[in-house]
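Visitor: Quick one: this structure, given as structure tokens, is what I'll be asking you about.
The values are calculated or read from the model by the stated rules, or taken from the named source; none is laboratory data. As the structure is a prediction and not an experimental result, all values here were calculated from the model. Neighbour counts are summed over all protein chains in view; Cβ atoms, including those assigned to glycine, are modelled from backbone coordinates with ideal geometry.
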Amino acid sequence: MLLITHDLAAAERVADTVAVMYAGRIVEHRPAGELFRAPAHPYTRGLLNALPNREFRAVPGHPPMLTALPEGCAFAARCDRVSEACATQPVGPVACHHPLVTVGTPA
Ligand code: SF4
């Protein structure tokens, strides 16, 4: 079953695997337990930190216009880990050139 939601608490309760999307692309796709325990993509970390039972702090900045996405990482303007490498599109189960943790392929 595929569940699409903005409710991270619900996803954590019911999902085996979670795919986090940003600007129309999957940026992190991992087993739910691992993703919620140790997010690897800076956007996932930001989403989790925004939860009331965590830091309750919004992700700074605003998402890009979907009609004018940058060539590289779409999260770059909001990311505290951005570098020159981020001018190219990152790919993989964690679509990030500088992930917060090292991960393998999704189960
Ligand atoms: S690719 Fe770069 S800008 Fe994008 S999330 Fe990763 S570190 Fe941040």
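Visitor: Answer with yes or no whether residue 57 is within 20 Å of residue 100 (Cβ to Cβ) and either free of Cβ contacts under 8 Å to residues at least 60 places away in the same chain or touching a strand residue (DSSP E or B) at 6+ places or on another chain (Cβ under 9 Å) (or both).
Guide: On the way: within 20 Å of residue 100 (Cβ to Cβ): yes; either free of Cβ contacts under 8 Å to residues at least 60 places away in the same chain or touching a strand residue (DSSP E or B) at 6+ places or on another chain (Cβ under 9 Å) (or both): yes.
Yes: the conditions hold for residue 57.
Visitor: Let me ask something else. Identify, please: which residue in the stretch 23-42 is out of contact with any Pro (no Cβ under 7 Å at 6 or more places or on another chain) and closer than 22 Å to residue 67 by Cβ and is, among those, nearest to the ligand (Cβ to nearest atom)?
Guide: Checking each candidate, the answer is 27.
Visitor: Another one. Against the conditions (1) at pLDDT below 95; (2) within 10 Å of the ligand (Cβ to nearest atom), where does residue 52 fall short? Just the number, please.
Guide: It fails just one condition, (2).
Visitor: I've got another one for you. Please specify each residue of the stretch 73-94 satisfying the condition of being assigned to a loop (DSSP other than H, G, I, E, B) and near the ligand (Cβ under 7 Å from one of its atoms). Working first, answer last.
Guide: Step one: of the stretch 73-94, the residues assigned to a loop (DSSP other than H, G, I, E, B) are 73-75, 79-83, 88-93.
Answer for the stretch 73-94, where residues must be assigned to a loop (DSSP other than H, G, I, E, B) and near the ligand (Cβ under 7 Å from one of its atoms): 73, 75, 79, 81, 82, 83, 90.
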